[in-house]
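Engineer: This is the structure I have questions about; it appears just below.
All of the numbers you see were taken from the coordinates with simple rules; none came from a lab. What you see is a predicted model, and the numbers here were worked out from it, not measured in a lab. Heads up, the Cβs are rebuilt from the backbone with ideal geometry, glycines too, and the neighbour counts pull from every protein chain shown.
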Amino acid sequence: MSVPKPLLESVLISESDLQNRIHELGTQIVTDYENKELVLLGVLRGSVIFFADLARAIFSAQLENPVKEVQLRFEFVQLVSYRNSTKPTAVELIRGGTDYLEQRHVLIVEDIVDTGHTLKFLCEHLWTLKPKTIQVCTLLDKPSQRQVPVAIDYTGFEIPDTFVVGYGLDYAQQYRNLPYIAMLESI
Ligand code: 5GP
């Protein structure tokens, strides 16, 4: 069954603004994790494009300053959240390569933090796996929508309370391959 496509309303964050900010994040991460092993933990599916660009930004930052080395390993989890207006949001882990995390530095790579329920669930789950540290890098943050407190260490952009697509984020599994972040006309 095909889903009717709402019209794209406008570009909220351009391709060049995304790339410039991700370069800055990569530089900051290399400084903070200098000479450490780091597990980049991507949250499927929305973070995949950000994840790939961030990983390469970390590589570029190392080229610019070769004394700072960060050894990267990639891991991924997939979560599903069930939203219901009368019950608290329930989050479930449906796929996860999380058996490698014990005594490792873990950097969660998220597409967007909205209410905070997904990130809170993921952090609580990951702590049971006994990592050395957990930090969070999200491309987008909607702080006005927060329902539970979560700690975010690296934020690409704070955005207003509006539904966005592109650069990995979907509407009904579409729009993920837009190279920019856009708002939709009607949802
Ligand atoms: P939270 O648990 O923080 O409320 O929600 C996080 C998840 O909700 C994100 O990983 C994403 O899948 C989804 N989400 C929240 N806001 C948006 C949005 O504006 N656009 C899209 N495409 N997904 C969103």
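Engineer: Of the conditions (1) assigned to a strand (DSSP E or B); (2) within 16 Å of the ligand (Cβ to nearest atom); (3) among the hydrophobic types (A, V, I, L, M, F, W, C); (4) under 15 Å from the mean Cα position of the chain (by Cα), I94 fails just one. Which one is it?
Structural biologist: Condition (4) is where I94 drops out.
Engineer: Taking the range 103-149 as the search range and keeping residues that are of a type in the set (V, I, T) and within 8 Å of the ligand (Cβ to nearest atom), which one is farthest from the chain's Cα centre (by Cα)?
Structural biologist: Keep residues of the range 103-149 that are of a type in the set (V, I, T), which gives 106, 108-109, 112-113, 115, 118, 128, 133-134, 136, 138, 148.
Next cut, within 8 Å of the ligand (Cβ to nearest atom) only: 112-113, 115, 118.
Working: I112: 6, V113: 8, T115: 14, T118: 11 Å.
Among those residues, the one meeting the criterion is T115.
Engineer: In the range 18-48, what residues are out of contact with any strand residue (DSSP E or B) (no Cβ under 9 Å at 6 or more places or on another chain) and within 16 Å of T133 (Cβ to Cβ)?
Structural biologist: Answer for the range 18-48, where residues must be out of contact with any strand residue (DSSP E or B) (no Cβ under 9 Å at 6 or more places or on another chain) and within 16 Å of T133 (Cβ to Cβ): just T31.
Engineer: Related question: Output the number of the condition that E15 fails; it satisfies all remaining conditions of (1) more than 25 Å from Q103 (Cβ to Cβ); (2) in contact (Cβ under 8 Å) with a residue 40 or more places away in the chain; (3) crowded, with 20+ Cβ neighbours inside 10 Å.
Structural biologist: (3)
Engineer: Under 9 Å by Cβ, and 6 or more places apart or on different chains, what pairs join a residue from the range 105-133 that is within 28 Å of L178 (Cβ to Cβ) with one that is near the ligand (Cβ under 8 Å from one of its atoms) and of a type in the set (D, E)?
Structural biologist: Note: pairs meeting the criteria are T118/E110; L119/E110; L122/E110.
Engineer: Can you tell me which residue is nearest to the ligand (Cβ to nearest atom) among those in the range 3-27 that are more than 16 Å from the chain's Cα centre (by Cα) and under 16 Å from T138 (Cα atoms)? Full working, then the answer.
Structural biologist: Step one: list which residues in the range 3-27 are more than 16 Å from the chain's Cα centre (by Cα), which gives 3-12, 14-17, 20, 27.
Within this subset, residues satisfying the condition of being under 16 Å from T138 (Cα atoms) are 17, 20, 27.
Details: D17: 17, N20: 21, T27: 25 Å.
Once the filter is applied, the top-ranked residue is D17.
Engineer: For the range 57-78, enumerate the residues that are more than 26 Å from D99 (Cβ to Cβ) and either within 12 Å of the ligand (Cβ to nearest atom) or not aliphatic (A, V, I, L, M) (or both).
Structural biologist: Of everything in the range 57-78, those that are more than 26 Å from D99 (Cβ to Cβ) and either within 12 Å of the ligand (Cβ to nearest atom) or not aliphatic (A, V, I, L, M) (or both) turn out to be S60, Q62, E64, N65, P66, K68.
Engineer: While we're here: Please work out which residue is farthest from the ligand (Cβ to nearest atom), limiting yourself to the range 150-180 and to residues that are of a type in the set (F, W, Y) and more than 14 Å from the chain's Cα centre (by Cα).
Structural biologist: Filtering the range 150-180 down to residues of a type in the set (F, W, Y) leaves 154, 157, 163, 167, 171, 175, 180.
Next cut, more than 14 Å from the chain's Cα centre (by Cα) only: 163, 171, 175, 180.
Values: F163: 4, Y171: 6, Y175: 8, Y180: 14 Å.
Applying the filter and picking the extreme gives Y180.
Engineer: Residue under question is R56, and the condition is that it be surrounded by fewer than 17 Cβ atoms within 10 Å (Cβ to Cβ), assigned to a helix (DSSP H, G or I) and either of a type in the set (D, E, K, R) or in contact with a strand residue (DSSP E or B) (Cβ under 6 Å, 6 or more places away or on another chain) (or both); does it hold?
Structural biologist: Working: surrounded by fewer than 17 Cβ atoms within 10 Å (Cβ to Cβ): yes; assigned to a helix (DSSP H, G or I): yes; either of a type in the set (D, E, K, R) or in contact with a strand residue (DSSP E or B) (Cβ under 6 Å, 6 or more places away or on another chain) (or both): yes.
Answer is yes for this residue.
Engineer: For the range 36-53, which residues satisfy the criterion of being outside any helix (DSSP H, G or I) and under 14 Å from T138 (Cα atoms)? Spell out how you get there, then give the answer.
Structural biologist: Residues of the range 36-53 outside any helix (DSSP H, G or I): 36-47.
Result: L40, L41, G42, V43, L44, R45, G46, S47.
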